[in-house]
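Structure first, then comments.
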């Protein structure tokens, strides 16, 4: 997608704005990143900028090249521009999610309509960032996703709410003994709710705890992920023939959400 560039505070090395420097500004461990961006200006800043912060980066400029890269290697995180020259970006998103179910998928888009964002998230994206964006914001999002995608400490106890068991150490959730299929952020969101059953948790707190303490964007991503969590619990519940029911997640208008304790 041409015409949208990064700018402002925290731009990568080589740009006109100052960048984070030194070990304190770097991500602690290297991650494998796939950048899918046809704009040479943006891609040419992202690739060296992310490398300078300790990541192994592969940059491709088309949907076909992105799918080829996903088929040939595992990535921890994918940055995907929706405005690709050859394939529909949303379809590429779906196919990348199928090929790389364990990776974090972040959409980069100049599309600002709410429905475009919802469609992208429902296609399998974990997050989105609208152009133009600050490089510092992108780094913060990447850090937050990679940090929360890391394995939990081995001593961490599983959470249980009724017949729902959320094991953060194993990154596994079961309902009545049947595994619930969840994407990474869906698991994190469900685990956060299960940590405090019966307690109202505000939208702002959920965004801070599950996404990032310095979240910049809309909370629409929370609504989409919450709907997905409810749908996946309902799908698993329908597979059971023993009367086991999933805990209800109640929407508290103007307040947030609550997982019911009974």
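Summary table below
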| quantity | calculated |
| --- | --- |
| 25 °C / 0.890 mPa s Stokes-Einstein diffusion coefficient of region 159-259, Kirkwood radius on C-alpha pairs, µm²/s | 178 µm²/s |
| Ranked list, fewest to most other Cβ atoms within 10 Å of each Cβ, for 249, 142 | 249, 142 |
| Extension reserve of the residue 238-residue 220 stretch, reckoned as 0.36 nm per residue once the Cα distance is removed | 3.7 nm |
| Residue exposure sequence - 131, 185 - by fewest surrounding Cβ within 10 Å | 131, 185 |
| Ordering of 109-118, 221-230, 163-172 by packing [mean C-beta count within 10 Å, highest first] | 221-230, 163-172, 109-118 |
| Contact order normalised by residue count of region 102-214, Cα under 8 Å, 6+ apart, percent | 20 percent |
| Inter-probe distance in nm under a simple model that places probes 7 Å from Cα toward Cβ, at residue 209 and residue 91 | 4.0 nm |
| Among 80-89, 234-243, the order from most to least packed when residues are scored by Cβ within 10 Å on average | 80-89, 234-243 |
| Stretchable slack from residue 260 to residue 245, in nm (0.36 nm times residue separation minus alpha-carbon distance) | 4.2 nm |
| Sequence-separation-based contact order of region 23-149, relative, with Cα cut under 8 Å and 6+ spacing, percent | 21 percent |
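Read-outs throughout are calculated quantities, based only on the coordinates presented, and are distinct from any laboratory measurement. This is a predicted model, so every value here is computed, not measured. Glycine gets a Cβ as well: all are built from the backbone with ideal geometry, and neighbour counts include every protein chain shown.
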